Amino acid sequence: MTAMANMGNFIVALPPSDIWLTDEQAAEFLSYEKGYFKASIICLKGFPKPKYITETVKGRRWNLKRLSDWLSERPEDLKKTVGRPRKI
């Protein structure tokens, strides 16, 4: 998996380990709602730790490679099911 970006006359390809996502981008990548991601997912044991570029929450960045690894190894009870939820 490689990300590509067009920067003027250059095309840059980066490996996942060099790509850092914001909270919103990480939640979208993992297919979770932003509020649920911030409230529940990032608190899980074994979830990758963020890198802070500023001291606030807005400065939190998530490494794409670590998120991808966690996604492939996440517990069965966190995996998404296809279809609509049952109404109880």
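The values are calculated or read from the model by the stated rules, or taken from the named source; none is laboratory data. Worth saying up front: this structure is predicted, and the values here are computed from it rather than measured. Glycine gets a Cβ as well: all are built from the backbone with ideal geometry, and neighbour counts include every protein chain shown.
Would a scan of the range 33-43 turn up a residue that is surrounded by 13 or more Cβ atoms within 10 Å (Cβ to Cβ), of a type in the set (Asp, Glu) and either at pLDDT 90 or above or assigned to a loop (DSSP other than H, G, I, E, B) (or both)? The answer is no, given that none of the residues of the range 33-43 is surrounded by 13 or more Cβ atoms within 10 Å (Cβ to Cβ), of a type in the set (Asp, Glu) and either at pLDDT 90 or above or assigned to a loop (DSSP other than H, G, I, E, B) (or both). Taking first residues from the range 25-41 that are within 19 Å of Lys58 (Cβ to Cβ) and partners that are modelled with pLDDT of 85 or more and not in a helix (DSSP H, G or I), the Cβ contacts under 7 Å between residues at least 6 apart in sequence or on separate chains come to Ala26/Trp62; Ala27/Glu33; Phe29/Leu21; Ile41/Tyr32; Ile41/Phe47.
When restricted to residues that are part of a loop (DSSP other than H, G, I, E, B) and either within 15 Å of Asp18 (Cα to Cα) or of a type in the set (Val, Ile, Thr) (or both), the range 50-75 contains 4.
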